[in-house]
Amino acid sequence: MRLQGSTFLVTGGSSGLGAATAQHLAEKGAHVVIADIRPEGEALAQEIGGLFVTMDVTSEESVQQGIARALSTYGSLHGAINCAGIAIAEKVLGKNGPHPLDAFRKVLDVNVAGTFNVIRLAAQAMAENEPNQEGERGVIVNTASVAAFDGQIGQPAYSASKGAVAAMTLPIARELARYGIRVVTIAPGIFDTPMMAGLPEPARHSLAQQVPFPQRLGRPAEYGFLVQHIAENVMLNGETIRLDGALRMGPR
């Protein structure tokens, strides 16, 4: 898929991986729709010449409205990048008792149901596109995590949610193949996002030292580079790609 002139929806686009991806796609000539529940993305959308839509990925109506605005503004939708997500740290049996069930459900609601909600509604819009010379109508990129495979103590909800995102990648890619819509998931390792920025410098340094090479935190722009490659390489489909510097997380 050519990025120039194509329209991409980036959920969670106000900060972190989503913001870096939105900036990168815009630099390559794409029309970018930043979708986020937080209004900070509006300033970024103006900066990159894109569109900001308020979106709660767990709401069918909210996602439908966001996609409708993208279509009315740019005419079509060619890509959806799912970066919206939340993380909590709770043990199954913690100091205050068992893991709160509502907290577990909320993580799955945002990370799994929210991702699927965007996939299904974005795919509906993409299926209406005219296919390019490869027969392609769209591309969807999801965000899992190395926690899907190397979950640590305190990550049962987060690991379960990201494992689900990875697991549904192939069946959805197989189904949407008939429409020429590809589905790929990225599983990032430890990245220098706002979540990490709140940690003390010794903790950040310790995390960076766990990465075999390069021995540092990942840069959000590197996630954006991979999104670009996935969009442009039509043979990438149905796969979950680790982006982690060969990191394998320990138990804690």
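The values are calculated or read from the model by the stated rules, or taken from the named source; none is laboratory data. Quick caveat: nothing in here was measured; it's all calculated off a predicted structure. We place every Cβ from the backbone using ideal geometry, glycine too, and count neighbours over all the protein chains shown.
Quick notes on this one:
- Number of the condition not met by ILE153 [criteria: (1) modelled with pLDDT under 95; (2) touching a strand residue (DSSP E or B) at 6+ places or on another chain (Cβ under 6 Å); (3) of a type in the set (Val, Ile, Thr)]: (2)
- Of the numbered criteria (1) farther than 30 Å from THR7 by Cβ; (2) in contact with a Pro (Cβ under 9 Å, 6 or more places away or on another chain), the one ASP192 fails is (1).
- Scanning the range 235-252 for residues that are surrounded by 14 or more Cβ atoms within 10 Å (Cβ to Cβ), among the aliphatic types (A, V, I, L, M) and in a loop (DSSP other than H, G, I, E, B), we see that the one that is nearest to the chain's Cα centre (by Cα) is LEU236.
- Of residues in the range 212-234 being within 20 Å of the chain's Cα centre (by Cα) and among the hydrophobic types (A, V, I, L, M, F, W, C), the one modelled with the lowest pLDDT: LEU217
- Among the conditions (1) over 29 Å from LEU176 (Cα atoms); (2) among the hydrophobic types (A, V, I, L, M, F, W, C); (3) in contact (Cβ under 8 Å) with a residue 60 or more places away in the chain, the only one that LEU93 does not satisfy is (3).
- Of the residues making up the range 137-156, those that are crowded, with 24+ Cβ neighbours inside 10 Å and either of a type in the set (Val, Ile, Thr) or touching a residue at least 60 places away in the same chain (Cβ under 8 Å) (or both) number 7.
- Residue that is nearest to the chain's Cα centre (by Cα) [pool: residues in the range 154-186 that are part of a loop (DSSP other than H, G, I, E, B) and either under 19 Å from ILE86 (Cβ atoms) or of a type in the set (Asp, Glu) (or both)]: GLN155
- The numbered conditions (1) assigned to a helix (DSSP H, G or I); (2) at pLDDT below 95 are all true for LEU199 except (1).
- For the criterion of being surrounded by fewer than 19 Cβ atoms within 10 Å (Cβ to Cβ) and either out of contact with any Ser or Thr (no Cβ under 8 Å at 6 or more places or on another chain) or basic (Lys, Arg) (or both), ARG174 passes.
- When the range 21-39 is filtered for residues that are surrounded by fewer than 19 Cβ atoms within 10 Å (Cβ to Cβ), over 24 Å from SER161 (Cβ atoms) and without any contact (Cβ under 8 Å) to a residue 60 or more places away in the chain, the ones remaining, listed by number, are GLU27, GLY29, PRO39.
- Being more than 18 Å from PHE8 (Cβ to Cβ), modelled with pLDDT of 95 or more, under 18 Å from the mean Cα position of the chain (by Cα) and not hydrophobic (A, V, I, L, M, F, W, C) is a property that does not hold for ASP36.
- Only listed residue being of a type in the set (A, V, I, L, M), at pLDDT 95 or above and touching a helix residue (DSSP H, G or I) at 6+ places or on another chain (Cβ under 6 Å), chosen from ALA26, ALA87: ALA26
- Of all the criteria given as (1) within 21 Å of ALA147 (Cβ to Cβ); (2) polar (S, T, N, Q); (3) touching a strand residue (DSSP E or B) at 6+ places or on another chain (Cβ under 7 Å), the one not satisfied by ASN237 is (1).
Yes/no per residue for (1) surrounded by 15 or more Cβ atoms within 10 Å (Cβ to Cβ); (2) over 18 Å from PRO194 (Cα atoms); (3) touching a residue at least 60 places away in the same chain (Cβ under 8 Å); (4) out of contact with any Cys (no Cβ under 9 Å at 6 or more places or on another chain):
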site	(1), (2), (3), (4)
MET1	yes, yes, yes, yes
ALA19	yes, no, yes, no
GLY41	yes, no, no, yes
ILE48	yes, yes, no, yes
PHE52	yes, yes, no, yes
TYR74	yes, yes, yes, yes
